[in-house]
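Engineer: Sharing a structure, written as structure tokens. Questions coming.
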Amino acid sequence: MPAAEPLTCFKTYDVRGRLGDELNERIAHRIGRAFAQVLGARRVVLGRDCRASSAALAGAVAQGLMDAGAEVLDLGLSGTEEMYFATTHLGADGGITVTASHNPMDYNGMKMVRAGSAPIGADTGLNAIRALAESGAFGPERPGGRITPAAQVRAAYVDRVLSFVDLAALRPMTILVNAGNGAAGPTFDAIAAALLARGAPLRFERINHTPDGRFPNGIPNPLLPENQPATASAVVAAGADLGIAWDGDFDRCFLFDHTGAFVAGEYVVGLLAEAFLAREPGARIVHDPRVIWNTRDVVTRAGGQAIAARTGHAFLKQALRDTGAVYGGEMSAHHYFRDFMCCDSGMIPWLLVAELICRRGQPLADILAERRAAFPSSGEINFRLADATAALARVETALAPEATDIDRTDGLSLSFPDWRFNLRASNTEPLLRLNVESRGDAARVIAGVNQLRALIGA
């Protein structure tokens, strides 16, 4: 039996660690073996991103799964959402993608699901997988382990993604796509080819499209302001109607309007809520609790029901499953769809927004102008603190007595007649994250940020 080994790469709802000491092939093998044993998995989907370390780590995971007697359904280079789709489509007992998404070059990790592409949280298997991987107290090796190539699943995945869009509603558009040299390129090409074959009048311009684990144009994290000008300038240069950029495993997509302006995530949630409520009046829409007023206004106007859920993919997915909501969105650009196994996708959102632009007959910038004016927001502001708990307590002591509503769904949310904020500790980093919004008063947002910054003491 292998010696016990503490593992620091297990996080709140996935695996992520620095290469070498926190995550290596030995640890990856243990995790694969533990995954199969804890879930009793006989068939497991396995995919990976394009990082230089991902192929070897995926190979070690595969060996661990096979040592436990599991058949490995190998997607090869693919996106996390393709693993989600394949897990359900193939009737597998679980799925794993080896990816570090937008983390630094010296990191890698894994995202995992159970049968039916259900999330694995601390209480639904992750803690047990960690404990077994740490102890090394595996059962005897089991026969029957093998690898079966499964790349052919992509065609069925493309059909599912395109099922969300009314292709007849599309009008001629130019769309600029920036894959960031991550895993998105080949999958996008399959979607684009299917759109062309079905007569969709969309023209695409591609930049940084070839997967390259060295990331010659920087780590693909379009949420960082310093990474946005590359896509913005390319949109303008191409005369594009819409810009799209993805992170490394493309489970998040980020949008730019025709002027090159970045579209903040909360407004995308509102756009997608509008699109689904037009199809399914009265539907439930799940949103995270950070910036909510725009989304709730859109949902209420369209006759839907808005439901708040704690930030994080495991919580949003579970909320969709519990409530039957048609869609759920986070301002961090994770978007979840009932009819996509209640999982997130970075390909479905841009297709829905393209259709919405065509139906409205307006540029995206014009569609959003009213919403931005009605509900301005600060964008997420991060504070790295020695004592986040004390900072939260200072804020609550100072401002809670004046609040009209106090919500602790995720961190601390205080509402006032004309403004609101959410302050929460990150699930993945040692940070406090602040978001401020108002009703039609951009100056009030700035004042709120300054007031909170002083109380936080950063």
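Engineer: Can Gly17 be described as surrounded by fewer than 22 Cβ atoms within 10 Å (Cβ to Cβ) and either of a type in the set (Gly, Ala, Ser) or closer than 22 Å to Phe85 by Cα (or both)?
Structural biologist: Values: surrounded by fewer than 22 Cβ atoms within 10 Å (Cβ to Cβ): no; either of a type in the set (Gly, Ala, Ser) or closer than 22 Å to Phe85 by Cα (or both): yes.
No; evaluated as a whole, the condition is false for this residue.
Engineer: A further question follows. Give me the pairs: first residue in segment 122-139 and among the aromatic types (Phe, Trp, Tyr), second residue modelled with pLDDT of 95 or more, beta-carbon distance under 6 Å, and six or more apart or on different chains, which are they?
Structural biologist: Close Cβ pairs (under 6 Å, with a partner that is modelled with pLDDT of 95 or more) amount to Phe138/Arg33.
Engineer: Please state which one of Ala92, Ala128 is modelled with pLDDT of 95 or more and part of a loop (DSSP other than H, G, I, E, B).
Structural biologist: Values: Ala128 fails: part of a loop (DSSP other than H, G, I, E, B).
One residue alone meets the criteria, Ala92.
Engineer: Ok, one more. Report yes if Glu370 is closer than 30 Å to Ala200 by Cβ and surrounded by fewer than 13 Cβ atoms within 10 Å (Cβ to Cβ), otherwise no.
Structural biologist: Details: closer than 30 Å to Ala200 by Cβ: yes; surrounded by fewer than 13 Cβ atoms within 10 Å (Cβ to Cβ): yes.
Taking the combined requirement at face value, the residue satisfies it.
Engineer: Now for a separate question. Every residue in segment 152-166 that is farther than 18 Å from Phe254 by Cβ and surrounded by 15 or more Cβ atoms within 10 Å (Cβ to Cβ), please.
Structural biologist: Our first condition is that a residue be farther than 18 Å from Phe254 by Cβ; within segment 152-166, this holds for 152-160, 162-166.
Correct list: Val153, Arg154, Tyr157, Val158, Arg160, Leu162, Phe164, Val165.
Engineer: Any residue in segment 94-121 that is hydrophobic (A, V, I, L, M, F, W, C) sitting within a Cβ distance under 8 Å of a residue that is assigned to a strand (DSSP E or B) and modelled with pLDDT under 95? List the pairs, counting only those 6 or more apart or interchain.
Structural biologist: Pairs found: Val113/Pro119.
Engineer: Has segment 387-397 got at least one residue that is under 30 Å from Val353 (Cβ atoms), assigned to a helix (DSSP H, G or I) and free of Cβ contacts under 8 Å to residues at least 24 places away in the same chain? Break it down stepwise before answering.
Structural biologist: Step one: filter segment 387-397 for residues under 30 Å from Val353 (Cβ atoms), giving none.
Among the residues of segment 387-397, not one is under 30 Å from Val353 (Cβ atoms), assigned to a helix (DSSP H, G or I) and free of Cβ contacts under 8 Å to residues at least 24 places away in the same chain, which makes the answer no.
Engineer: Determine which single condition Ala230 fails, assuming it passes every other condition in (1) closer than 25 Å to Asp49 by Cβ; (2) free of Cβ contacts under 8 Å to residues at least 24 places away in the same chain; (3) of a type outside the set (Val, Ile, Thr).
Structural biologist: Only one criterion in (1) closer than 25 Å to Asp49 by Cβ; (2) free of Cβ contacts under 8 Å to residues at least 24 places away in the same chain; (3) of a type outside the set (Val, Ile, Thr) is unmet by Ala230, namely (2).
Engineer: Take the residues in segment 398-410 that are assigned to a loop (DSSP other than H, G, I, E, B) and free of Cβ contacts under 8 Å to residues at least 24 places away in the same chain; name whichever of them is nearest to Leu167 (Cα to Cα).
Structural biologist: As a first pass, look at segment 398-410 and keep what is assigned to a loop (DSSP other than H, G, I, E, B): 403-404, 408-410.
Remaining after also requiring free of Cβ contacts under 8 Å to residues at least 24 places away in the same chain: 403-404, 408.
Details: Ala403: 47, Thr404: 45, Arg408: 42 Å.
Checked segment 398-410; the qualifying residue nearest to Leu167 (Cα to Cα) is Arg408.
Engineer: Hey, does segment 362-379 have a residue that's modelled with pLDDT under 95 and among the small types (Gly, Ala, Ser)?
Structural biologist: Within segment 362-379 (the criterion being modelled with pLDDT under 95 and among the small types (Gly, Ala, Ser)), the answer is yes, since at least one residue qualifies.
Engineer: Another question, then. Please enumerate the residues belonging to segment 415-444 that are modelled with pLDDT of 95 or more, surrounded by fewer than 21 Cβ atoms within 10 Å (Cβ to Cβ) and among the aliphatic types (A, V, I, L, M).
Structural biologist: Hits for segment 415-444 are Ala442, Ala443.
Engineer: How many residues are more than 19 Å from the chain's Cα centre (by Cα) and touching a residue at least 24 places away in the same chain (Cβ under 8 Å) if we restrict to segment 165-185? Give the derivation first.
Structural biologist: Restricting attention to segment 165-185, the residues satisfying the condition of being more than 19 Å from the chain's Cα centre (by Cα) are 165-176.
If we keep only those that are touching a residue at least 24 places away in the same chain (Cβ under 8 Å) too, we end up with 165-167, 169-176.
The qualifying residues number 11.
Engineer: Follow-up question, since we're still on this one. Of everything in segment 95-125, what is outside any strand (DSSP E or B) and among the polar types (S, T, N, Q)? Give them in sequence order. Give the derivation first.
Structural biologist: First, the residues of segment 95-125 that are outside any strand (DSSP E or B): 99-106, 115-118, 120-125.
If the condition is that a residue be outside any strand (DSSP E or B) and among the polar types (S, T, N, Q), then Thr99, Ser101, Asn103, Ser117, Thr124 are the ones that fit.
Engineer: Out of segment 9-20, which residues are part of a loop (DSSP other than H, G, I, E, B) and in contact with a Lys or Arg (Cβ under 9 Å, 6 or more places away or on another chain)? If you could, list the steps in order and put the result at the bottom.
Structural biologist: Of the residues in segment 9-20, the ones part of a loop (DSSP other than H, G, I, E, B) are 9, 11-14, 20.
Answer for segment 9-20, where residues must be part of a loop (DSSP other than H, G, I, E, B) and in contact with a Lys or Arg (Cβ under 9 Å, 6 or more places away or on another chain): Cys9, Tyr13, Asp14.
The values are calculated or read from the model by the stated rules, or taken from the named source; none is laboratory data. Keep in mind that this is a model prediction, so the values were computed, not measured. Heads up, the Cβs are rebuilt from the backbone with ideal geometry, glycines too, and the neighbour counts pull from every protein chain shown.
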